[in-house]
Structure formats: C-alpha cells, structure tokens
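Here the structure is laid out as structure tokens; the discussion comes afterwards.
Any read-out appearing in this document is the output of simple, stated calculations on the displayed coordinates, not a laboratory observation. What you see is a predicted model; the values in this text were computed from it and never measured. Don't worry about glycine lacking a Cβ; one is built from the backbone with ideal geometry, like all the others, and counts go over all protein chains shown.
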Amino acid sequence: MKAKIFSLTFLIFLGLHGQEDKLLLESLFDNDEIKESEELLPERMVFTQTLLWGKKGMFRKTGISSLNKEQRIKELKVRKVMLKSHQIIGYLTLAGMIAQGILGGKLYKNWERNLYNTHKTMGNVVTASYFTGAGLSLFAPPPLVNKKVEGFNSIKSHKILATVHFSGMLATNYFSKKNTDFHKYSAYTTFASYFAAVVVFKFK
C-alpha cells in the first residue's frame with residue numbers, strides 16, 4: 001500500500017515538475033547573446049555567485065574567468081548545462097527519497113541488518129545527489145538579469161521551502177544515529193517541503 005502511495009506521489013511530482021522545468025527554462029536560462037547596452041553582471045546575485053563570479057569574485061581575481069563579453073557568453077552556456085544537470089539530479093533525488101521512505105517504513109516495523117545497511121547506503125546516495133544538485137544551482141554563473149519581484153509570490157514561497165528542506169536534510173543526517181524519532185520526522189519534513197517547493201510553481 002505504501003509503495004503504491006509513494007509511486008502515485010512520484011507521478012504527481014513528475015507532472016508538477018514539468019511546470020517547474022518550464023519556468024526554469026523561461027526565467028533562468030539566458031540567450032547566449034549580450035547586447036551592447038547590457039551590463040555583464042546582474043545587480044542582484046546570491047552570495048555564492050558573488051563569491052565566485054562577482055566583479056571581485058574568486059574566479060575574477062585568479063584569472064580563471066575574466067569579466068568580459070566573450071567570457072560571459074561562455075559562462076551563460078556553462079550556466080545552462082549546470083541548471084539542466086540540477087534538474088535531472090532533482091528527479092533522481094526525489095526518486096531516492098521515495099525509496100528511502102519505503103525502506104525506512106519497513107525498517108521501523110521490523111529491524112533487519114541487511115535492510116538497515118541498504119537504508120544507510122541509499123541515504124548516503126540521496127544525500128550526495130541532493131547536495132550535488134543544490135551546489136549546481138548555487139554555484140552556477142549568474143544570469144544577465146535578476147529581476148526583483150514585489151510582494152509574496154510562488155518564487156519566494158519556493159525559496160522559503162528550499163530553506164526548510166535544506167535544513168531538514170541536514171537534520172536528517174545529523175539525527176540518523178542520535179535519535180531515530182527525530183531522524184524520521186526530519187526525513188518526512190524534508191520530503192514534504194521538497195515536494196511542496198515544486199508544487200508552488202503550479203500556481204505562479
């Protein structure tokens with residue numbers, strides 16, 4: 001029964017995630033062209049982008065990526081690849097979370113050494129894929145324009161939920177060997193907020 005519920009949830013996720021894919025393609029992927037009147041960097045960037053790609057960022061200071069039109073065009077292409085990879089890994093991470101939910105439910109009902117080892121291994125894989133996907137998004141080169149949207153909206157909801165599932169993932173791993181109940185609640189919170197972060201895009 002639980003397997004069917006998780007499978008149904010995953011199918012719903014795939015349908016809703018199509019909305020997210022479309023929005024990401026429209027709002028995050030830039031054309032590989034820069035007009036003469038356009039600035040090379042947006043006015044607003046997340047701190048990770050500023051750290052690496054800002055005017056005084058690490059890549060600029062070390063000469064890895066100079067700030068000029070030709071290099072920014074290359075960076076936008078890198079950005080596309082990183083964000084598309086982020087999306088693909090997102091699917092794999094969600095699938096792994098579902099598998100973990102099934103294994104975790106069985107483990108809580110009937111503890112078995114082999115099942116525990118499988119659950120642990122799957123947990124390591126999900127954790128790795130989750131933070132890999134997060135890193136691809138956070139450290140991707142910035143777009144040309146980063147518009148500020150006024151008021152509370154689905155994008156801000158998505159960011160708030162992202163903070164929740166990011167914190168939940170950290171808590172899930174922290175409590176894995178310290179408190180089984182907190183570990184379980186953290187895992188449920190992580191999955192619920194991860195799923196909800198996708199759903200809010202449907203109402204954009």
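Odds and ends about this structure:
- Dipole magnitude for region 48-119: about 480 debye, using +1 per Lys or Arg Cβ and -1 per Asp or Glu Cβ, origin at the Cα centre.
- Chymotrypsin sites (Phe, Trp or Tyr not before Pro) within region 45-139: DSSP coil, no more than 13 neighbouring Cβ in 10 Å: Trp111
- With the simple spin-label model, which puts each label point 7 Å out from Cα in the Cβ direction, the Phe182 to Lys61 separation comes to 3.7 nm.
- For Arg44, Arg113, the sequence from fewest to most other C-beta atoms within 10 Å is Arg113, Arg44.
- Value in Å of the Kirkwood radius, where region 39-148 supplies the Cα pairs that are averaged: 16.2 Å
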